[in-house]
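The values are calculated or read from the model by the stated rules, or taken from the named source; none is laboratory data. Model, not experiment: these values are computed from the prediction. Here Cβ is always computed from backbone atoms with ideal geometry, including for glycine, and neighbour counts include all displayed protein chains. Just the protein is used for accessible areas: all its heavy atoms, side chains included, with ligands, DNA and RNA removed. Shrake-Rupley method; radii C 1.70, N 1.55, O 1.52, S 1.80 Å.
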Amino acid sequence: MTGRFIDISTADGAGLRAYLAVPEAGSGPGLVLLHTAFGLDRHMRDVADLYAAEGYTVLCPDLYGRIEPGLDLVQSDADRRKALALFDQLDRSQAVADIASAAAALRARAECSGKIGALGFCLGGGLAFRAAADGIFDCAVAYYPTGIDAALDLAPRIACPMALHFAEHDDYVPASAAAQAADSFADRAEIEIYRYPGARHGFNRPDGGDWDKPSAGMAHSRSIALFRRVMGPHYDLAALWEQHIGFEFGSRDVEATMKTMVSAPYVNHIPVMTGGVGARDLARFYANHFIPKCPKDTRLVPISRTIGADRLVDETLFCFTHDVEIDWMLPGIPPTGRYVEVPLVAIVNFRGDKLYHEHIYWDQASVLAQIGVLDPEGLPVAGVETAKKLVDQTLPSNTLMKRWAESA
(Lines give C-alpha, C1' and ligand atoms only; values in the text may rest on other atoms or scores of the structure.)
Protein backbone atom coordinates (compact mmCIF):
# COMPACT_ATOMS: atom_id res chain seq x y z
CA MET A 1 0.00 0.00 0.00
CA THR A 2 1.19 3.47 -0.88
CA GLY A 3 -2.06 5.28 -0.05
CA ARG A 4 -3.87 5.89 3.21
CA PHE A 5 -7.35 5.82 4.70
CA ILE A 6 -9.21 9.08 5.21
CA ASP A 7 -12.73 10.08 6.23
CA ILE A 8 -14.97 11.97 3.83
CA SER A 9 -18.23 13.82 4.43
CA THR A 10 -21.48 12.73 2.82
CA ALA A 11 -24.45 14.90 1.89
CA ASP A 12 -26.46 13.67 4.89
CA GLY A 13 -23.55 14.05 7.32
CA ALA A 14 -23.06 10.32 7.87
CA GLY A 15 -19.47 10.23 6.65
CA LEU A 16 -17.56 7.38 5.02
CA ARG A 17 -14.10 5.87 5.13
CA ALA A 18 -12.16 6.05 1.87
CA TYR A 19 -8.76 5.06 0.54
CA LEU A 20 -6.69 7.87 -0.98
CA ALA A 21 -3.69 7.24 -3.27
CA VAL A 22 -1.68 10.19 -4.59
CA PRO A 23 0.82 10.16 -7.49
CA GLU A 24 4.52 10.68 -6.85
CA ALA A 25 4.26 14.15 -8.41
CA GLY A 26 1.92 15.15 -5.56
CA SER A 27 -1.12 15.89 -7.67
CA GLY A 28 -2.97 14.75 -10.76
CA PRO A 29 -6.39 14.41 -12.35
CA GLY A 30 -8.91 12.71 -10.10
CA LEU A 31 -10.36 9.20 -10.19
CA VAL A 32 -13.16 7.95 -8.00
CA LEU A 33 -12.58 4.21 -7.77
CA LEU A 34 -15.73 2.15 -7.17
CA HIS A 35 -15.19 -1.23 -5.59
CA THR A 36 -16.41 -4.72 -6.41
CA ALA A 37 -18.87 -6.74 -4.37
CA PHE A 38 -15.94 -7.51 -2.04
CA GLY A 39 -15.84 -3.90 -0.91
CA LEU A 40 -12.78 -1.79 -0.16
CA ASP A 41 -10.44 -4.77 0.00
CA ARG A 42 -6.75 -5.26 -0.75
CA HIS A 43 -7.41 -5.69 -4.45
CA MET A 44 -9.14 -2.31 -4.69
CA ARG A 45 -6.34 -0.63 -2.75
CA ASP A 46 -3.85 -2.17 -5.18
CA VAL A 47 -5.87 -0.80 -8.11
CA ALA A 48 -5.87 2.64 -6.46
CA ASP A 49 -2.09 2.48 -6.03
CA LEU A 50 -1.68 1.38 -9.65
CA TYR A 51 -3.61 4.36 -10.98
CA ALA A 52 -1.72 6.68 -8.65
CA ALA A 53 1.46 5.37 -10.31
CA GLU A 54 -0.20 6.24 -13.62
CA GLY A 55 -0.46 9.86 -12.47
CA TYR A 56 -3.95 10.06 -10.94
CA THR A 57 -5.19 11.10 -7.52
CA VAL A 58 -7.46 8.20 -6.59
CA LEU A 59 -10.22 8.10 -3.98
CA CYS A 60 -12.03 4.81 -3.27
CA PRO A 61 -15.01 5.24 -0.92
CA ASP A 62 -16.26 2.37 1.21
CA LEU A 63 -19.78 2.05 -0.17
CA TYR A 64 -20.57 -0.67 2.39
CA GLY A 65 -19.73 1.75 5.21
CA ARG A 66 -23.37 2.45 6.02
CA ILE A 67 -24.02 -1.29 6.44
CA GLU A 68 -20.85 -2.64 8.03
CA PRO A 69 -17.95 -0.15 8.21
CA GLY A 70 -14.33 -1.25 8.27
CA LEU A 71 -14.75 -4.49 6.32
CA ASP A 72 -11.70 -6.03 4.67
CA LEU A 73 -12.92 -9.16 2.91
CA VAL A 74 -10.66 -11.78 1.36
CA GLN A 75 -11.10 -14.46 -1.31
CA SER A 76 -12.60 -17.14 0.93
CA ASP A 77 -15.87 -19.01 0.64
CA ALA A 78 -17.21 -17.36 3.80
CA ASP A 79 -16.30 -13.86 2.65
CA ARG A 80 -17.68 -14.59 -0.81
CA ARG A 81 -21.05 -15.39 0.75
CA LYS A 82 -20.83 -12.22 2.82
CA ALA A 83 -19.93 -10.15 -0.26
CA LEU A 84 -22.94 -11.46 -2.16
CA ALA A 85 -25.20 -10.64 0.80
CA LEU A 86 -23.83 -7.10 0.98
CA PHE A 87 -24.19 -6.76 -2.79
CA ASP A 88 -27.91 -7.56 -2.48
CA GLN A 89 -28.36 -5.34 0.58
CA LEU A 90 -26.75 -2.19 -0.81
CA ASP A 91 -29.14 0.67 -1.61
CA ARG A 92 -28.04 1.69 -5.14
CA SER A 93 -29.63 5.14 -4.98
CA GLN A 94 -27.88 5.90 -1.70
CA ALA A 95 -24.64 4.53 -3.15
CA VAL A 96 -24.83 6.93 -6.11
CA ALA A 97 -25.44 9.80 -3.68
CA ASP A 98 -22.36 8.72 -1.71
CA ILE A 99 -20.36 8.55 -4.95
CA ALA A 100 -21.35 12.17 -5.64
CA SER A 101 -20.09 13.05 -2.15
CA ALA A 102 -16.82 11.25 -2.84
CA ALA A 103 -16.42 13.15 -6.13
CA ALA A 104 -17.01 16.45 -4.32
CA ALA A 105 -14.51 15.50 -1.61
CA LEU A 106 -11.93 14.61 -4.25
CA ARG A 107 -12.44 17.85 -6.20
CA ALA A 108 -11.88 19.81 -3.00
CA ARG A 109 -8.48 18.24 -2.32
CA ALA A 110 -5.30 20.07 -3.27
CA GLU A 111 -3.89 16.81 -4.69
CA CYS A 112 -6.63 16.73 -7.33
CA SER A 113 -5.91 18.85 -10.38
CA GLY A 114 -8.31 19.29 -13.26
CA LYS A 115 -11.00 16.83 -14.25
CA ILE A 116 -12.40 13.77 -12.47
CA GLY A 117 -13.26 10.35 -13.86
CA ALA A 118 -14.88 7.21 -12.49
CA LEU A 119 -13.44 3.71 -12.57
CA GLY A 120 -15.66 0.87 -11.41
CA PHE A 121 -15.50 -2.92 -11.25
CA CYS A 122 -18.41 -5.37 -10.91
CA LEU A 123 -20.77 -3.65 -8.45
CA GLY A 124 -18.73 -0.49 -8.92
CA GLY A 125 -18.95 -0.82 -12.69
CA GLY A 126 -22.74 -0.71 -12.59
CA LEU A 127 -22.61 2.23 -10.17
CA ALA A 128 -20.12 4.08 -12.39
CA PHE A 129 -22.65 3.78 -15.22
CA ARG A 130 -25.44 5.19 -13.03
CA ALA A 131 -23.23 8.01 -11.72
CA ALA A 132 -22.17 8.91 -15.26
CA ALA A 133 -25.85 9.37 -16.12
CA ASP A 134 -26.09 11.88 -13.25
CA GLY A 135 -23.36 14.01 -14.84
CA ILE A 136 -20.97 13.58 -11.91
CA PHE A 137 -17.87 12.71 -13.95
CA ASP A 138 -15.92 13.92 -16.98
CA CYS A 139 -15.45 10.31 -18.14
CA ALA A 140 -16.07 6.82 -16.83
CA VAL A 141 -14.76 3.27 -17.21
CA ALA A 142 -16.72 0.21 -16.11
CA TYR A 143 -15.45 -3.37 -15.92
CA TYR A 144 -18.02 -6.19 -16.06
CA PRO A 145 -20.73 -3.83 -14.76
CA THR A 146 -23.38 -5.75 -12.87
CA GLY A 147 -26.94 -4.54 -13.29
CA ILE A 148 -26.21 -2.52 -16.42
CA ASP A 149 -28.97 -4.26 -18.36
CA ALA A 150 -31.51 -2.86 -15.89
CA ALA A 151 -30.03 0.65 -16.13
CA LEU A 152 -29.76 1.09 -19.89
CA ASP A 153 -32.75 3.43 -19.87
CA LEU A 154 -30.23 5.93 -18.45
CA ALA A 155 -28.10 5.74 -21.61
CA PRO A 156 -29.51 8.92 -23.23
CA ARG A 157 -28.49 10.90 -20.13
CA ILE A 158 -24.83 9.91 -20.34
CA ALA A 159 -22.94 12.80 -21.92
CA CYS A 160 -19.36 11.94 -20.99
CA PRO A 161 -16.95 9.59 -22.81
CA MET A 162 -17.04 6.09 -21.39
CA ALA A 163 -15.49 2.64 -21.85
CA LEU A 164 -17.32 -0.58 -20.96
CA HIS A 165 -15.38 -3.84 -20.58
CA PHE A 166 -17.37 -7.09 -20.84
CA ALA A 167 -16.16 -10.67 -20.29
CA GLU A 168 -17.34 -13.27 -22.80
CA HIS A 169 -18.24 -15.79 -20.10
CA ASP A 170 -19.72 -13.86 -17.19
CA ASP A 171 -21.93 -15.52 -14.60
CA TYR A 172 -23.12 -12.13 -13.29
CA VAL A 173 -23.36 -9.95 -16.43
CA PRO A 174 -25.19 -11.84 -19.20
CA ALA A 175 -23.98 -11.68 -22.77
CA SER A 176 -27.26 -10.02 -23.64
CA ALA A 177 -26.30 -7.06 -21.44
CA ALA A 178 -23.22 -6.37 -23.57
CA ALA A 179 -25.29 -6.68 -26.73
CA GLN A 180 -27.96 -4.33 -25.36
CA ALA A 181 -25.30 -1.81 -24.33
CA ALA A 182 -23.80 -1.93 -27.82
CA ASP A 183 -27.24 -1.30 -29.32
CA SER A 184 -27.94 1.54 -26.90
CA PHE A 185 -24.75 3.35 -27.88
CA ALA A 186 -24.56 2.30 -31.53
CA ASP A 187 -24.36 5.92 -32.73
CA ARG A 188 -22.13 7.18 -29.91
CA ALA A 189 -18.45 7.02 -30.92
CA GLU A 190 -17.38 8.37 -27.53
CA ILE A 191 -18.82 5.29 -25.81
CA GLU A 192 -16.35 2.44 -26.30
CA ILE A 193 -17.53 -1.13 -25.76
CA TYR A 194 -15.05 -4.00 -25.56
CA ARG A 195 -15.57 -7.74 -25.23
CA TYR A 196 -12.85 -10.10 -24.01
CA PRO A 197 -12.97 -13.58 -25.59
CA GLY A 198 -12.63 -16.43 -23.13
CA ALA A 199 -12.58 -14.11 -20.12
CA ARG A 200 -14.81 -14.47 -17.09
CA HIS A 201 -16.22 -12.07 -14.52
CA GLY A 202 -13.36 -10.72 -12.41
CA PHE A 203 -10.71 -11.14 -15.12
CA ASN A 204 -8.86 -8.11 -13.76
CA ARG A 205 -8.36 -9.59 -10.28
CA PRO A 206 -4.94 -11.27 -9.82
CA ASP A 207 -5.93 -12.92 -6.53
CA GLY A 208 -9.10 -14.43 -8.00
CA GLY A 209 -9.56 -17.68 -9.86
CA ASP A 210 -10.75 -15.98 -13.04
CA TRP A 211 -7.79 -13.68 -13.57
CA ASP A 212 -6.94 -13.35 -17.26
CA LYS A 213 -3.67 -11.43 -17.64
CA PRO A 214 -3.92 -10.73 -21.40
CA SER A 215 -7.48 -9.42 -21.05
CA ALA A 216 -6.57 -7.39 -17.97
CA GLY A 217 -3.60 -5.83 -19.79
CA MET A 218 -5.66 -4.91 -22.84
CA ALA A 219 -8.44 -3.45 -20.72
CA HIS A 220 -5.99 -1.40 -18.66
CA SER A 221 -4.37 0.10 -21.76
CA ARG A 222 -7.78 0.96 -23.21
CA SER A 223 -8.85 2.54 -19.93
CA ILE A 224 -5.65 4.57 -19.69
CA ALA A 225 -6.14 5.74 -23.29
CA LEU A 226 -9.57 7.12 -22.41
CA PHE A 227 -8.42 8.78 -19.20
CA ARG A 228 -5.37 10.33 -20.89
CA ARG A 229 -7.46 11.65 -23.78
CA VAL A 230 -10.10 13.26 -21.57
CA MET A 231 -8.15 14.25 -18.45
CA GLY A 232 -4.43 13.75 -18.98
CA PRO A 233 -1.81 13.69 -17.61
CA HIS A 234 0.21 13.60 -20.81
CA TYR A 235 3.77 12.29 -20.82
CA ASP A 236 6.42 12.53 -23.54
CA LEU A 237 6.97 8.79 -23.95
CA ALA A 238 9.47 9.28 -26.78
CA ALA A 239 11.67 11.49 -24.60
CA LEU A 240 11.45 9.03 -21.69
CA TRP A 241 12.48 6.14 -23.97
CA GLU A 242 15.32 8.11 -25.58
CA GLN A 243 16.63 8.94 -22.11
CA HIS A 244 16.49 5.26 -21.12
CA ILE A 245 18.35 3.95 -24.17
CA GLY A 246 20.82 6.81 -23.85
CA PHE A 247 21.82 5.47 -20.45
CA GLU A 248 21.94 1.90 -21.81
CA PHE A 249 23.94 2.42 -25.01
CA GLY A 250 25.44 5.89 -24.55
CA SER A 251 26.73 6.46 -21.02
CA ARG A 252 26.21 2.76 -20.15
CA ASP A 253 25.08 3.73 -16.67
CA VAL A 254 23.17 0.99 -14.83
CA GLU A 255 21.99 3.14 -11.94
CA ALA A 256 20.70 5.87 -14.26
CA THR A 257 19.01 3.26 -16.44
CA MET A 258 17.15 1.77 -13.47
CA LYS A 259 15.98 5.22 -12.34
CA THR A 260 13.98 5.55 -15.55
CA MET A 261 11.91 2.49 -14.56
CA VAL A 262 9.22 1.68 -12.01
CA SER A 263 10.16 -0.02 -8.76
CA ALA A 264 9.19 -3.47 -10.06
CA PRO A 265 10.03 -3.50 -13.80
CA TYR A 266 10.76 -6.33 -16.15
CA VAL A 267 12.49 -6.89 -19.49
CA ASN A 268 11.97 -9.91 -21.75
CA HIS A 269 14.05 -10.50 -24.86
CA ILE A 270 11.51 -12.83 -26.41
CA PRO A 271 13.67 -15.01 -28.75
CA VAL A 272 16.06 -16.14 -26.00
CA MET A 273 14.07 -15.23 -22.84
CA THR A 274 16.84 -13.11 -21.34
CA GLY A 275 16.21 -10.09 -19.15
CA GLY A 276 14.95 -9.81 -15.61
CA VAL A 277 11.83 -9.52 -13.47
CA GLY A 278 11.98 -7.10 -10.56
CA ALA A 279 14.47 -4.34 -9.84
CA ARG A 280 17.10 -6.59 -8.24
CA ASP A 281 17.37 -9.15 -11.02
CA LEU A 282 17.00 -6.58 -13.77
CA ALA A 283 19.79 -4.40 -12.33
CA ARG A 284 21.96 -7.51 -12.10
CA PHE A 285 21.13 -8.32 -15.74
CA TYR A 286 21.93 -4.81 -16.93
CA ALA A 287 25.16 -4.59 -14.93
CA ASN A 288 26.61 -7.98 -15.85
CA HIS A 289 24.93 -9.34 -18.95
CA PHE A 290 23.59 -6.45 -21.04
CA ILE A 291 25.40 -3.12 -20.81
CA PRO A 292 28.98 -4.53 -20.78
CA LYS A 293 28.00 -7.22 -23.29
CA CYS A 294 26.92 -4.93 -26.11
CA PRO A 295 29.44 -4.75 -28.99
CA LYS A 296 31.51 -1.57 -29.19
CA ASP A 297 30.09 -0.56 -32.58
CA THR A 298 26.44 -1.19 -31.64
CA ARG A 299 24.18 1.02 -33.75
CA LEU A 300 20.41 1.43 -33.84
CA VAL A 301 18.93 2.63 -37.13
CA PRO A 302 15.35 3.92 -36.65
CA ILE A 303 12.79 2.62 -39.13
CA SER A 304 9.47 3.58 -37.52
CA ARG A 305 7.98 4.59 -34.19
CA THR A 306 4.42 4.23 -32.97
CA ILE A 307 3.29 5.91 -29.75
CA GLY A 308 0.09 5.10 -27.87
CA ALA A 309 -1.35 6.17 -24.55
CA ASP A 310 0.83 3.87 -22.43
CA ARG A 311 3.32 2.28 -24.80
CA LEU A 312 5.81 2.93 -27.56
CA VAL A 313 6.79 0.59 -30.40
CA ASP A 314 10.16 1.08 -32.08
CA GLU A 315 11.06 -0.71 -35.30
CA THR A 316 14.82 -0.52 -35.83
CA LEU A 317 17.80 -2.13 -37.46
CA PHE A 318 20.16 -3.46 -34.81
CA CYS A 319 23.68 -3.38 -36.25
CA PHE A 320 26.85 -4.69 -34.60
CA THR A 321 30.06 -6.63 -34.95
CA HIS A 322 30.11 -9.82 -32.89
CA ASP A 323 33.27 -8.83 -30.98
CA VAL A 324 32.09 -9.92 -27.52
CA GLU A 325 30.01 -12.79 -26.18
CA ILE A 326 26.57 -11.16 -26.19
CA ASP A 327 24.98 -12.81 -23.16
CA TRP A 328 21.55 -11.31 -23.78
CA MET A 329 21.32 -12.20 -27.49
CA LEU A 330 23.82 -14.98 -28.21
CA PRO A 331 24.49 -16.61 -24.82
CA GLY A 332 27.27 -19.18 -24.85
CA ILE A 333 28.55 -18.32 -28.34
CA PRO A 334 32.11 -16.93 -28.41
CA PRO A 335 32.77 -13.82 -30.55
CA THR A 336 32.98 -14.63 -34.27
CA GLY A 337 34.01 -11.18 -35.49
CA ARG A 338 31.11 -11.26 -37.98
CA TYR A 339 29.07 -8.14 -38.78
CA VAL A 340 25.29 -8.41 -38.26
CA GLU A 341 22.26 -6.36 -39.23
CA VAL A 342 18.90 -7.59 -37.99
CA PRO A 343 15.41 -6.01 -37.74
CA LEU A 344 14.44 -5.52 -34.09
CA VAL A 345 11.16 -4.45 -32.53
CA ALA A 346 10.89 -3.01 -29.01
CA ILE A 347 7.47 -2.75 -27.38
CA VAL A 348 7.84 -0.55 -24.32
CA ASN A 349 5.09 -0.18 -21.72
CA PHE A 350 5.02 2.85 -19.42
CA ARG A 351 3.38 3.38 -16.07
CA GLY A 352 3.00 7.11 -15.67
CA ASP A 353 6.37 8.69 -16.48
CA LYS A 354 8.40 5.52 -15.87
CA LEU A 355 9.13 2.44 -17.96
CA TYR A 356 7.27 -0.62 -16.71
CA HIS A 357 8.38 -3.32 -19.11
CA GLU A 358 10.04 -4.04 -22.44
CA HIS A 359 9.24 -6.86 -24.87
CA ILE A 360 12.04 -7.09 -27.45
CA TYR A 361 11.73 -9.19 -30.63
CA TRP A 362 14.17 -10.09 -33.41
CA ASP A 363 14.75 -12.93 -35.89
CA GLN A 364 17.22 -15.16 -34.06
CA ALA A 365 17.67 -17.46 -37.06
CA SER A 366 18.86 -14.51 -39.13
CA VAL A 367 21.42 -13.58 -36.47
CA LEU A 368 22.68 -17.16 -36.19
CA ALA A 369 23.00 -17.41 -39.96
CA GLN A 370 24.94 -14.15 -40.14
CA ILE A 371 27.51 -15.19 -37.53
CA GLY A 372 27.97 -18.54 -39.26
CA VAL A 373 26.64 -20.96 -36.64
CA LEU A 374 23.47 -21.85 -38.55
CA ASP A 375 23.58 -23.13 -42.13
CA PRO A 376 20.50 -21.67 -43.85
CA GLU A 377 20.78 -24.05 -46.80
CA GLY A 378 17.44 -25.81 -47.29
CA LEU A 379 15.79 -23.87 -44.44
CA PRO A 380 13.27 -21.02 -44.71
CA VAL A 381 15.83 -18.71 -43.13
CA ALA A 382 17.46 -15.53 -44.43
CA GLY A 383 20.53 -13.69 -43.22
CA VAL A 384 21.30 -10.01 -43.70
CA GLU A 385 18.74 -10.01 -46.53
CA THR A 386 15.97 -9.46 -43.96
CA ALA A 387 17.59 -6.17 -42.93
CA LYS A 388 18.24 -5.10 -46.51
CA LYS A 389 14.64 -5.70 -47.57
CA LEU A 390 13.31 -3.82 -44.55
CA VAL A 391 15.09 -0.73 -45.85
CA ASP A 392 14.41 -1.36 -49.56
CA GLN A 393 11.04 -2.96 -50.26
CA THR A 394 11.85 -3.26 -53.98
CA LEU A 395 14.28 -6.10 -53.31
CA PRO A 396 12.90 -9.50 -54.38
CA SER A 397 10.17 -11.12 -52.33
CA ASN A 398 9.50 -14.85 -51.95
CA THR A 399 13.11 -15.90 -52.63
CA LEU A 400 12.75 -18.71 -50.08
CA MET A 401 9.46 -19.91 -51.58
CA LYS A 402 10.41 -22.54 -54.17
CA ARG A 403 6.83 -22.78 -55.47
CA TRP A 404 6.57 -19.04 -56.13
CA ALA A 405 7.38 -19.53 -59.85
CA GLU A 406 4.45 -21.94 -60.21
CA SER A 407 1.86 -19.19 -59.68
CA ALA A 408 3.31 -16.87 -62.35
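When the accessible area of the range 335-408 is computed with all protein chains present and a 1.4 Å probe, what percentage of it is carbon and sulfur? Mind showing how you got there, number by number?
Details: 2450 of 4350 Å².
That fraction is 56 percent.
Note on the chain: dipole from Cβ charges, positive end direction compared against His359, Gly117, Ala179; the farthest Cα belongs to Gly117. For the range 24-51 and the range 346-408, compute the distance between their C-alpha centroids and round to whole Å. So the two Cα centres are separated by 43 Å. Applied to the range 205-210, the Karplus parametrisation 6.51 cos²θ - 1.76 cosθ + 1.60 on θ = phi - 60° returns per-residue 3J(HN,Hα) values of 9, x, 8, x, x, 10 Hz, with x for Gly and Pro. Extending 7 Å from Cα along the Cβ direction at Arg252 and again at Asp91 yields two label points whose distance is 6.9 nm. For the chain, a Gaussian network of Cα nodes joined below 10 Å ranks Asn204, Asn288, Asn398 by mean-square fluctuation, and the top entry is Asn398.
Could you work out the relative contact order of the range 41-112? I mean the mean sequence separation of Cα pairs under 8 Å and 6+ apart, divided by the number of residues, in percent.
Details: 33 pairs, mean separation 22.9, N = 72.
Computed value for the range 41-112: 32 percent relative contact order.
Karplus-derived 3J(HN,Hα) values for the range 25-40, using 6.51 cos²θ - 1.76 cosθ + 1.60 with θ = phi - 60°, are 5, x, 7, x, x, x, 10, 8, 8, 10, 7, 6, 4, 7, x, 7 Hz; glycine and proline are entered as x.
Considering all C-alpha pairs of the chain, those separated by over 30 Å amount to 51%.
Just to confirm, what accessible area per residue do you get for the chain at 1.4 Å probe, in whole Å²? Write out the running numbers ahead of the final one.
Working: 18440 Å² over 408 residues.
Computed with neighbouring chains in place, this is 45 Å² per residue.
As a rough guide to protection, the peptides 338-348, 69-79 ranked by mean Cβ packing within 10 Å, highest first, stand as 338-348, 69-79. Between the helical axis of 77-89 and the longest alpha-carbon principal axis of the chain there is an angle of about 50 degrees.
The C-alpha atoms of the chain define a longest principal axis, and helix 92-107 lies at about 60 degrees to it. Database remark: amide H of Glu192 closer than 5 angstrom to the amide H of Met162, Ala163, Leu164 (H placed geometrically; neighbours at sequence offset of 5 or more, or on other chains; Pro and chain starts carry no H).
Place a +1 charge on the Cβ of each Lys and Arg in the range 1-90 and a -1 charge on the Cβ of each Asp and Glu, then give the dipole magnitude about the Cα centre in debye, rounded to the nearest 20.
Around 100 debye, computed over the range 1-90.
In a reduced charge model with +1 at each Lys and Arg Cβ and -1 at each Asp and Glu Cβ, the chain shows a dipole moment near 340 debye about its Cα centre. By a straight-distance test (C-alpha under 17 Å), which lysines pair with Lys259 as possible cross-link partners, with residues fewer than eight away in the same chain excluded? Cα-Cα hits under 17 Å: Lys354. Using bins 10 angstrom wide from zero, how does P(r) for the range 175-292 break down, in % of all Cα pairs? Answer for the range 175-292: a P(r) of 11, 26, 29, 21, 10, 2 percent.
So what's the back-of-envelope 222 nm ellipticity for the chain, counting only DSSP H runs of four-plus at -39500 (n - 2.57) apiece and dividing by all residues, rounded to 500? Present the calculation step by step, with values, prior to reporting the outcome.
Values: 11 runs with 117 residues, N = 408.
Using -39500 (n - 2.57) per qualifying helix, the result is -8500 deg cm²/dmol.
Phe137 contributes an accessible area of around 10 Å² to the protein surface, as traced by a 1.4 Å probe with all chains present.
Can you tell me the orientation of helix 42-53 relative to the chain, as the angle in degrees between its alpha-carbon axis and the longest Cα principal axis, to the nearest 10? Computed tilt is about 60 degrees. Packing, as the average of other Cβ atoms within 10 Å across residues, places the peptides 210-217, 365-372, 232-239 in the order 365-372, 210-217, 232-239, highest first.
Taking every DSSP beta bridge with both residues inside the chain, roughly what % is antiparallel (nearest 5)?
Details: 40 of 70 bridges.
Among the beta bridges of the chain, antiparallel pairing accounts for roughly 55 percent.
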